[in-house]
Amino acid sequence: ALPSIEFGLIAVDVETSFDPKGEEDSANPHTDRLLSIQVSDGETVWILEDNFMSAVPLLANPEVKKVGQGFAYDLKFLRHNLGINIENIHDTLMAERVLHAGQLMPHGLDAILSRRCGVFSDKTIRDQFANHEGPFTEQQLEYMATDVFYLPKIREMQLKDASLRGMGKVIALENETVPVTADMILRGINFDQDLWDSSVVWIKEKKEEIKLKIAEYAGVPYTPNLFGGVELGINLSSPPQILKLLQSHGYDDVTTREGALQLALESTDSEMLEKLIGDVLEWRNWEKMLEFDYPRFVNPVSGRIHPGWIQVGPATGRYACKQPNVQQTKRPK
């Protein structure tokens, strides 16, 4: 049984049946099982292998600070399986990202343990929990204990660093957002298969329209194909070929990355170049939407897409998203 704590601090971790070698890059409580709940006060570790509802009084107590690593992962499983909202948290992964923003360094628990505590954690053991059945081995139990035992100590180190750098309020704000991130992942996004099917037809037609327009006003050779579309003399997916075409119409940059094209679009006085850049960007957007292949991300249980939102993901501190990256699906202006 878990300890009865009215106030203070505990570290929390869970293990699930998610297979990290699978195609999807994030676990989903709708299809993956909760295998265990680990709790530590920094001196003792408790591992709950069943009767998970007995953890509710402790985890739901807002007076107890809960520390976790990549806590959104744990929170979505705990909310789905226990039906509770967990407040008053500290995410060591998120805090480490904030403290080292812009620095190219790993922030996984194995890296943090090595860097801050001089402790080695063999993360390959995590693979053993995929589709796990039966009792845990001693090696697995030791791994589970290590994952949670050092989190209170790591939090103390992070808070000291944050105080020295004047970043305490930033980390506190980000911590308040972690449960929201977990809820976004758990709830997911509705997906209309019929609408998507009709949209794919429309997008393909739109791409053909853009190709034909470019061929006509930019002097690009083309030939009609058997499907009612056209084959351009250049490949719109090829940056070197697009760069050559743009430069022939006055483009003076050496890259066709979106940022450079957007900047040129805003600053050019050439009506031809403005039209060409706009069409290239629009074509790329529709091409990217088709590449995402949304239907394969639909969860078979919830019937929804559950993108992997990553809080403070990039070095810039903004949100990132994967599986699929819905932040990059936008209708062009």
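Points to keep in mind about this one:
- Residues satisfying the stated conditions in the range 100-109, i.e. at negative phi and open to solvent by less than 70 Å² (accessible area, probe 1.4 Å): His100, Ala101, Met105, His107, Gly108, Leu109
- Checking Arg97 against (1) modelled with pLDDT under 95; (2) farther than 25 Å from Val312 by Cα; (3) under 24 Å from the mean Cα position of the chain (by Cα); (4) buried (at least 17 other Cβ atoms within 10 Å of the Cβ), the condition it does not meet: (2)
- Test: Gly229 is open to solvent by less than 30 Å² (accessible area, probe 1.4 Å), closer than 30 Å to Arg296 by Cα and of a type in the set (Gly, Ala, Ser): yes
- Residues considered: Ala315, Ala320, Ala264. Of these, the only one that is closer than 30 Å to Arg187 by Cβ, without any contact (Cβ under 8 Å) to a residue 24 or more places away in the chain and among the small types (Gly, Ala, Ser) is Ala320.
- Beta carbons closer than 9 Å, at least 6 apart along the sequence or on distinct chains, pair a first residue in the range 180-192 that is closer than 24 Å to Met94 by Cα with a second that is assigned to a helix (DSSP H, G or I) and open to solvent by 40 Å² or more (accessible area, probe 1.4 Å) for Ala182/Tyr73; Ala182/Arg79; Asp183/Arg79; Ile185/Tyr73; Leu186/Arg79; Leu186/His80.
- Phe149 being closer than 23 Å to Gly8 by Cβ, of a type in the set (A, V, I, L, M, F, W, C), in contact (Cβ under 8 Å) with a residue 24 or more places away in the chain and touching a helix residue (DSSP H, G or I) at 6+ places or on another chain (Cβ under 6 Å): no
- Residue within the range 226-240 that is of a type outside the set (A, V, I, L, M), closer than 30 Å to Val170 by Cβ and free of Cβ contacts under 8 Å to residues at least 40 places away in the same chain present: no
Rundown of residues vs (1) closer than 26 Å to Asp161 by Cβ; (2) of a type in the set (S, T, N, Q); (3) at pLDDT below 95; (4) loosely packed, with under 15 Cβ neighbours inside 10 Å, yes/no style:
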position: Ala1; (1), (2), (3), (4): no, no, yes, yes
position: Phe7; (1), (2), (3), (4): yes, no, yes, yes
position: Val14; (1), (2), (3), (4): no, no, no, no
position: Ser26; (1), (2), (3), (4): no, yes, yes, no
position: Met53; (1), (2), (3), (4): no, no, no, yes
position: Gln69; (1), (2), (3), (4): yes, yes, no, no
position: His90; (1), (2), (3), (4): yes, no, no, no
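- All positions within the range 298-321 that are open to solvent by 30 Å² or more (accessible area, probe 1.4 Å) and modelled with pLDDT of 90 or more: Val298, Pro300, Val301, Ser302, Gly303, Arg304, Trp309, Ile310, Tyr319
- With respect to the stated conditions, Gly42 is open to solvent by 20 Å² or more (accessible area, probe 1.4 Å) and over 21 Å from the mean Cα position of the chain (by Cα).
- Condition check for Ile203: surrounded by 12 or more Cβ atoms within 10 Å (Cβ to Cβ), in contact with a Phe, Trp or Tyr (Cβ under 6 Å, 6 or more places away or on another chain) and modelled with pLDDT of 90 or more: yes
- Count - residues of the range 118-148 that are open to solvent by less than 70 Å² (accessible area, probe 1.4 Å) and either assigned to a helix (DSSP H, G or I) or not small (Gly, Ala, Ser) (or both): 18
- Number of the condition not met by Glu133 [criteria: (1) touching a residue at least 24 places away in the same chain (Cβ under 8 Å); (2) among the acidic types (Asp, Glu); (3) closer than 19 Å to Ala27 by Cα]: (1)
- A Cβ distance below 7 Å, combined with a sequence gap of six or more or placement on separate chains, defines the contacts here; from the range 245-258, residues that are on the phi > 0 side of the Ramachandran plot and surrounded by fewer than 21 Cβ atoms within 10 Å (Cβ to Cβ) reach residues that are of a type in the set (Gly, Ala, Ser) and assigned to a loop (DSSP other than H, G, I, E, B) in the pairs Gly250/Ser270.
- Given (1) of a type in the set (A, V, I, L, M); (2) open to solvent by 80 Å² or more (accessible area, probe 1.4 Å); (3) in a helix (DSSP H, G or I), index of the condition Ile112 fails: (2)
- All positions within the range 206-226 that are under 18 Å from Trp286 (Cα atoms) and open to solvent by 70 Å² or more (accessible area, probe 1.4 Å): Glu209, Lys213
This table checks each residue for (1) more than 21 Å from Ser36 (Cα to Cα); (2) modelled with pLDDT of 95 or more.
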| site | (1), (2) |
| --- | --- |
| Leu104 | yes, no |
| His107 | yes, no |
| Asp122 | no, no |
| Asp127 | no, no |
| Glu133 | no, no |
| Phe136 | no, yes |
| Asp147 | no, no |
| Leu151 | no, yes |
| Ile154 | yes, yes |
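The values are calculated or read from the model by the stated rules, or taken from the named source; none is laboratory data. Model, not experiment: these values are computed from the prediction. Note that each Cβ is placed from the backbone with ideal geometry, even for glycine, and that neighbours are counted across all protein chains shown. Ligands, DNA and RNA are excluded from the accessible area calculation, which covers all protein heavy atoms including side chains. Shrake-Rupley method; radii C 1.70, N 1.55, O 1.52, S 1.80 Å.
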